[in-house]
Amino acid sequence: MKKILATGGTGYIGSHTVIELINDGYEVDIIDNLFNSKITVLDQIEKITGKRPTFFQADLLDEAKLDEIFRDGHYDTVIHFAGLKAVGESVEKPLEYYHNNITGTVYLLEAMKKYGVHEIVFSSSATVYGVQDNPEFVETMTTGMNLTNPYGRTKYFIEEIMKDYAIADPEFKATLLRYFNPIGAHESGLIGEDPNGIPNNLMPIIMCVAEGRIDKLHIYGDDYPTADGTCRRDYIHVVDLAKGHVAAIEHMKNGVEIYNLGTGTPTSVKEMVAAFEKASGKELPCEITGRRAGDLAEMWANADKAKRELGWQTTLNVDDAMRDTINYLNKVKE
Ligand code: UD1
């Protein structure tokens, strides 16, 4: 069984993936600076799996610490979740984003090289597709064009760095997973999305409105060319997404492989609100406001490649994600 190092493993997607990996018998260590996650996640992982991963509270920019972790860890594979991810903040602080995300990745690759670790799975994003003529995004589409913010560009640049490195090192295996919109929580209700500060993405904002921490959801435009006028996105349950990483680990190939991880089915903002209201039995205060700059009317994944090559497909839908999110919110309050 492979031994895995998960960077950002206490974060939202990282923690769900660590659980799926441990449940499948993998040994997983975590490195995280706890910038956007809490140490208590380790207790929850232990409650769910019966195993407590070895944890290093460290930053990828700390080269000496990284060297020590790799020297002692004898890893087979790295899953690289760690990174700053707030779109708006990245516009305000581009250098911080480039330094953290890109330099951090380069240090990680250098440590892997030094200690003979050849496999990496990288958390990329559908954001690398930018603006396309067709809303169904396929892996073969051009990336890096019309990206609107530094966060998105860090994902694109890191993909390119991996491609360049794969040319230089024939043993290198990188799988780039382009996530669509992750939502939901573990069915136990013990872990879920718990952002520090004010969130920017739809689902955590809905959660804050439900808890009364934000007074209402601003729906960014209802004049888009979609059936109900609101934008449509491909929301993927975080546990399905986590299982996509396990499938990726099991199918590593030499060179760089790229997979979309999405459901293939878009849901509008109004449909998301309706699904949340149905699951919670409560009305969610909303107000239609103007469009948000940079939003596409609709986009969804063509996830055929992951199905064909990884034998992976989603099994949960938006209603499942809403149920699990509400269960998580209720558990957090207990
Ligand atoms: C956004 C980012 C994308 C990033 C992704 C995950 C932009 C333009 N895109 O994608 O680069 O990879 O998050 O971090 O920021 N919405 C509302 N009200 C809100 C919040 C969102 O109506 O308060 C709508 C949006 O207009 C959109 C949908 O909800 O139609 C989803 O928004 P969001 O969760 O921010 O994800 P994306 O826009 O898909």
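The values are calculated or read from the model by the stated rules, or taken from the named source; none is laboratory data. In this text the structure is predicted, and so the values were computed from the model without any measurement. Here the Cβ is made from the backbone with ideal geometry for all residues, glycine too, and neighbour counts use every protein chain on show. All accessible areas refer to the heavy atoms of the entire protein, side chains included, with ligands and DNA or RNA removed. Shrake-Rupley method; radii C 1.70, N 1.55, O 1.52, S 1.80 Å.
Before moving on, here are some points about what is shown:
- Descending by average beta-carbon neighbour count within 10 Å, the peptides 29-38, 238-247 line up as 238-247, 29-38, the highest first.
- Pairwise centroid distance, computed over Cα atoms, of region 264-299 with region 214-256, Å: 13
- Average accessible surface for region 55-206: 44 Å² per residue, computed with a 1.4 Å probe over protein heavy atoms with every protein chain in place.
- GNM flexibility winner over the chain from Gly294, Gly192, Gly262 (Cα, springs under 10 Å): Gly294
- Karplus-derived 3J(HN,Hα) values for region 83-94, using 6.51 cos²θ - 1.76 cosθ + 1.60 with θ = phi - 60°, are x, 7, 9, 8, 4, x, 4, 5, 6, 6, 10, x Hz; glycine and proline are entered as x.
- 24 Å tail of the calculated P(r), region 81-231, as % of Cα pairs: 46
- Amide H within-cut-off set for Ala6, under 5 Å, with H built and near neighbours excluded: Asp29, Ile30, Ile31, Ile79
- Taking region 87-218 and dividing mean pair separation by its residue count, relative contact order in percent (alpha carbons under 8 Å, at least six apart): 26
- Rounded to 5, percent antiparallel among DSSP beta bridges of the chain: 5
- Accessible surface of the chain [probe 1.4 Å, protein heavy atoms]: carbon and sulfur percent: 49
- Proportion of all alpha-carbon pairs of the chain beyond 32 Å (%): 25
- Computed from phi, the 3J(HN,Hα) profile of region 233-247 under the Karplus parametrisation 6.51, -1.76, 1.60 (θ = phi - 60°) reads 9, 9, 8, 10, 4, 4, 6, 4, 4, 4, 5, x, 5, 5, 4 Hz, with x in place of Gly and Pro.
- With θ taken as phi - 60° and the Karplus curve 6.51 cos²θ - 1.76 cosθ + 1.60 applied, the whole-hertz 3J(HN,Hα) list for region 32-37 is 7, 8, 6, 5, 10, 7 Hz, x standing for glycine and proline.
- Dividing the Cα radius of gyration of region 232-334 by its Kirkwood radius returns 1.05 for Rg/Rh.
- Rounded to 5, percent antiparallel among DSSP beta bridges of region 181-334: 20
- On full extension, the segment bounded by Glu160 and Ala64 gains 32.0 nm, given 0.36 nm per residue less the C-alpha separation.
- Legend: Rg and Dmax of region 124-173, from Cα coordinates, 12.1, 36 Å.
- Sorting Arg291, Arg232 on solvent-accessible area from highest to lowest, probe radius 1.4 Å, gives Arg291, Arg232.
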